[in-house]
Amino acid sequence: MHLHFEKNNNAKCDCNILSLSWMGKVPDELPEDEGWKLNRTNYYQEGWLATGNARGLVGVTFTTSHCRTRAAELPLRTNYNLRGHRSEVIMVKWNEPYQKLASCDSSGVIFVWIKYEGKWSIELINDRSTPVTYFSWSHDGRMALICYQDG
């Protein structure tokens, strides 16, 4: 995956991106008997990019490297702005097996977002009032490791 930032004055945004996280395209429905199998071609060529910014917004955007993707192959909606944080979002991390997104802000609040029927909502809120220094999902997506500034 390549990321290109433009320096054109017309292309500037009014806030700083503090975190990026990529989740490649996974099947919409998972077969129960076979489990989740990675399709390398689709996984690396299209998927979801999450951003956390200084204004407390989490952006989720569908991206593809296919120049001539038909509209029928694209999701109905390709860009979301998730609101809820009251301070800058310093970390975003995808949970690929469960298609969830964790976002951490500078005040120590963690939101776990889930997309259901085309809409994103907050599934879980964790607030220790201490800044998060590291966040990671387990390989199977069932657990999270959270490190806080206070140890």
Quiz prompt | Subset tally (residues that are modelled with pLDDT under 95 and of a type in the set (Gly, Ala, Ser)) for the range 122-151 | solution = 3
Practice problem: Starting from the range 107-119, take each residue that is on the phi < 0 side of the Ramachandran plot and list its partners that are part of a strand (DSSP E or B) and of a type in the set (Phe, Trp, Tyr), counting only C-beta distances under 7 angstrom and pairs at least six apart or across chains. | Solution: Trp113/Trp120
Exercise. Sort out which residues of the range 20-72 are crowded, with 17+ Cβ neighbours inside 10 Å and either among the polar types (S, T, N, Q) or at pLDDT below 60 (or both), and write them in order of number.
Key: Ser21, Thr51, Asn53
Exercise. Confirm whether Leu76 is out of contact with any Leu (no Cβ under 6 Å at 6 or more places or on another chain), surrounded by 17 or more Cβ atoms within 10 Å (Cβ to Cβ) and either at pLDDT 95 or above or not in a strand (DSSP E or B) (or both).
Key: no
Practice problem: Mind listing just one residue for me: the one in the range 115-151 that is in contact with a Leu (Cβ under 8 Å, 6 or more places away or on another chain), of a type outside the set (Phe, Trp, Tyr) and closer than 20 Å to Thr51 by Cα and, of those, surrounded by the fewest Cβ atoms within 10 Å (Cβ to Cβ)? | Solution: Gly118
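The values are calculated or read from the model by the stated rules, or taken from the named source; none is laboratory data. Predicted model only: the values in this text are computed from it and were never measured. Every residue, glycine as well, gets a Cβ built from its backbone with ideal geometry; the counts of neighbours run over all protein chains shown.
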